[in-house]
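Peer 1: Structure incoming, see below.
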Amino acid sequence: MDCGRSYGVDEVVYTCSGCGGLLEVRLDIERLSDTVDIGLWRERPLNVWRYRELLPIFDDSKVVSMDEGGTRLLRCRNLAKEMGSENLYIKCEGDNPTGSFKDRGMSIGVSKALELGFKATLCASTGNTAASLAAYSARAGLRCYVLVPAGKIALGKLSQAMMYGAKVLAVKGDFDSALKAAMQICLEERSIYLLNSVNPFRIEGQKTAALEIFDQLGFSPDNIVIPVGNAGNISAYWKGFNELRMLGLTEKLPRMHGVQARGANPLVKAYRSMSWVMEPIEKPETVATAIRIGNPVSWKKALRAVYESRGSMIDVSDEEIIDAQKLAARMEGLFIEPASAASIAGLRRLMEEGVIDKDEVTVCIATGHGLKDPEIVLKICEPPIEVDPDTEALRRMLTV
Ligand SMILES: *Cc1c(COP(=O)(O)O)cnc(C)c1O
Ligand SMILES: [Zn+2]
């Protein structure tokens, strides 16, 4: 995306060998305009592969899928009222096979690993990428290695990666150092395929969430509010909406609002100075472990999404995140993990600051399932009350 150099779709390359910049998949939109048929899409099941023509996998026999995507887009009237909005939807990405949006990208990424002839996959992860890569690699019959920051990964995610049979390596350091090591290894060890979101094929899978929202609403929303960690997902949504527009299916593009945790907010700082430089955060810290990232690899794509869409990049405190997590559960019955709740905490801010109007249609992205991180619940909710099994004792506990 920096120097304009291009690579073949079958080359194994993760960043530009000329300038070190990020890669992105460019589709031949002109040719696709003739083949894409929205009526045909709508005859297919609602999942990632509904949008087959826009997904750069060429050998159907290599497709690795678990019916990912097709997640609920729920209208949330109670939360909307609480936030002062009239048109709020939550995209429930915890509905995916392993409980997070990462499955969308891994379906394409692991298919690509097979297509390219790899026998093993590797990623660095705050947890959900590891869980997802482990599952899809298992299904594809590939060996899988995951690097996670030691002691800083939610229990649900760790147990998934272990159960799916990945080799889990707990790196003594944070996510950023694990990712650096992962990239280095895959550049040297050419038989292992790197499936972090620096891999542009993952973004291709993740962009389908934008296409789904368009399909589910019947139009493009005014705002997307989305948690930002390594910044792949916000870039993916922006790519999805842009492709819809280039294909002539919609005129409108939503404004993209990225939300980071206060203790891991390098993109917020860049946005505030409206600049194209990002200073990494040395020791990122937040309860929302999925976005505990100080040096987001796709930062430039994220800033592009925000600047081009005239959106924003804001941060929220851990307290606001936890409040939002409880609100989603207690007002809508939605149990989402802390990182996901950052989008709802962010929406509250954006409403208060008048960035979003009450009658605009806004979609908050709930990126992962609440059961991923059961330990946080024990910290923030009332513990169960022990009581004798007689009706008198029980009745005293009830207020009707
Ligand atoms: C990966 C992840 C994020 C962050 O997405 P990026 O693409 O890294 O910005 C947010 N929430 C959850 C639950 C995640 O798993
Ligand atoms: Zn380059």
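Peer 1: With the requirement that a residue be within 19 Å of Ile293 (Cα to Cα) and in a loop (DSSP other than H, G, I, E, B), what does segment 101-141 give you?
Peer 2: Those that are within 19 Å of Ile293 (Cα to Cα) and in a loop (DSSP other than H, G, I, E, B): Phe101, Ser125, Thr126, Gly127.
Peer 1: Got at least one residue in segment 376-385 being over 23 Å from Glu82 (Cα atoms), within 16 Å of ligand 1 (Cβ to nearest atom) and either at pLDDT 95 or above or not aromatic (Phe, Trp, Tyr) (or both)?
Peer 2: Looking for residues that are over 23 Å from Glu82 (Cα atoms), within 16 Å of ligand 1 (Cβ to nearest atom) and either at pLDDT 95 or above or not aromatic (Phe, Trp, Tyr) (or both), one finds at least one in segment 376-385, hence yes.
Peer 1: Moving on. Give the number of residues within segment 273-299 that are crowded, with 20+ Cβ neighbours inside 10 Å and more than 20 Å from Gly263 (Cβ to Cβ).
Peer 2: 0
Peer 1: Then there is this: Could you please give the count of residues in segment 156-211 that are charged (D, E, K, R), surrounded by fewer than 24 Cβ atoms within 10 Å (Cβ to Cβ) and in a loop (DSSP other than H, G, I, E, B)?
Peer 2: The number of residues fulfilling the criteria is 4.
Peer 1: Among the residues of segment 119-126, are any without any contact (Cβ under 8 Å) to a residue 60 or more places away in the chain, away from ligand 1 (no atom under 16 Å from the Cβ) and open to solvent by 10 Å² or more (accessible area, probe 1.4 Å)?
Peer 2: There is no residue in segment 119-126 that is without any contact (Cβ under 8 Å) to a residue 60 or more places away in the chain, away from ligand 1 (no atom under 16 Å from the Cβ) and open to solvent by 10 Å² or more (accessible area, probe 1.4 Å).
Condition check ((1) in contact (Cβ under 8 Å) with a residue 60 or more places away in the chain; (2) in the same structural domain as Thr208 (by TED's automatic domain parsing)) across all residues:
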residue: Ser17; (1), (2): no, no
residue: Thr35; (1), (2): no, no
residue: Gly39; (1), (2): no, no
residue: Arg44; (1), (2): no, no
residue: Val48; (1), (2): yes, no
residue: Glu53; (1), (2): no, no
residue: Ser61; (1), (2): no, no
residue: Ser85; (1), (2): yes, yes
residue: Glu93; (1), (2): yes, yes
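Peer 1: Out of Ser275, Ser312, Ser235, Ser298, I need the residue that is polar (S, T, N, Q), more than 16 Å from ligand 1 (Cβ to nearest atom) and in the same structural domain as Leu350 (by TED's automatic domain parsing). Which one?
Peer 2: Ser275 is the lone residue from the list that is polar (S, T, N, Q), more than 16 Å from ligand 1 (Cβ to nearest atom) and in the same structural domain as Leu350 (by TED's automatic domain parsing).
Peer 1: Give the residue that is farthest from ligand 1 (Cβ to nearest atom), with candidates limited to residues of segment 1-46 that are of a type in the set (Ser, Thr, Tyr) and open to solvent by 60 Å² or more (accessible area, probe 1.4 Å).
Peer 2: Filtering segment 1-46 for residues that are of a type in the set (Ser, Thr, Tyr) and open to solvent by 60 Å² or more (accessible area, probe 1.4 Å), the one farthest from ligand 1 (Cβ to nearest atom) comes out as Thr35.
Peer 1: Sticking with this structure for a sec: Checking Gly151 against (1) closer than 30 Å to Leu249 by Cα; (2) open to solvent by 10 Å² or more (accessible area, probe 1.4 Å); (3) of a type outside the set (A, V, I, L, M, F, W, C), which single condition isn't satisfied?
Peer 2: (1)
Peer 1: Identify, by number, the condition in (1) assigned to a loop (DSSP other than H, G, I, E, B); (2) on the phi < 0 side of the Ramachandran plot that Asp67 doesn't meet.
Peer 2: In the conditions (1) assigned to a loop (DSSP other than H, G, I, E, B); (2) on the phi < 0 side of the Ramachandran plot, Asp67 misses (2) alone.
Residues are listed down the side, and each one gets a yes or a no for (1) farther than 17 Å from Ile234 by Cα; (2) crowded, with 22+ Cβ neighbours inside 10 Å; (3) out of contact with any helix residue (DSSP H, G or I) (no Cβ under 6 Å at 6 or more places or on another chain); (4) at pLDDT 95 or above:
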| residue | (1), (2), (3), (4) |
| --- | --- |
| Glu308 | no, no, yes, yes |
| Asp318 | yes, no, yes, yes |
| Ile321 | yes, yes, no, yes |
| Leu327 | yes, no, yes, yes |
| Ala341 | no, yes, no, yes |
| Ile344 | no, yes, no, yes |
| Arg349 | yes, no, yes, yes |
| Gly370 | yes, yes, yes, yes |
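Peer 1: Is it the case, given these coordinates, that Gly84 is modelled with pLDDT of 95 or more and within 16 Å of ligand 1 (Cβ to nearest atom)?
Peer 2: So Gly84 does not fit the description; no.
Peer 1: In this structure, does Trp49 turn out to be under 20 Å from the mean Cα position of the chain (by Cα), buried (at least 16 other Cβ atoms within 10 Å of the Cβ), more than 16 Å from ligand 1 (Cβ to nearest atom) and not aliphatic (A, V, I, L, M)?
Peer 2: Yes: the conditions hold for Trp49.
Peer 1: Sort through Arg31, Arg26 and tell me the only one that's outside any loop (DSSP other than H, G, I, E, B) and over 19 Å from the mean Cα position of the chain (by Cα).
Peer 2: Arg31
Peer 1: Now, a different point. Which one of these is on the phi > 0 side of the Ramachandran plot and surrounded by 20 or more Cβ atoms within 10 Å (Cβ to Cβ): Ala236, Ala231?
Peer 2: Among Ala236, Ala231, only Ala231 is on the phi > 0 side of the Ramachandran plot and surrounded by 20 or more Cβ atoms within 10 Å (Cβ to Cβ).
Peer 1: Please find, within segment 73-100, the residue that is most open to solvent (accessible area, probe 1.4 Å) out of those that are farther than 17 Å from Thr121 by Cβ and part of a loop (DSSP other than H, G, I, E, B).
Peer 2: Result: Glu86.
The values are calculated or read from the model by the stated rules, or taken from the named source; none is laboratory data. For clarity, every value in this text was computed on a predicted model and none was experimentally measured. A quick note on method: Cβ atoms are made from the backbone with ideal geometry, for glycine too, and the neighbour counts reach across all protein chains shown. The area values use the complete protein model at the heavy-atom level, side chains included, leaving out ligands, DNA and RNA. Shrake-Rupley method; radii C 1.70, N 1.55, O 1.52, S 1.80 Å.
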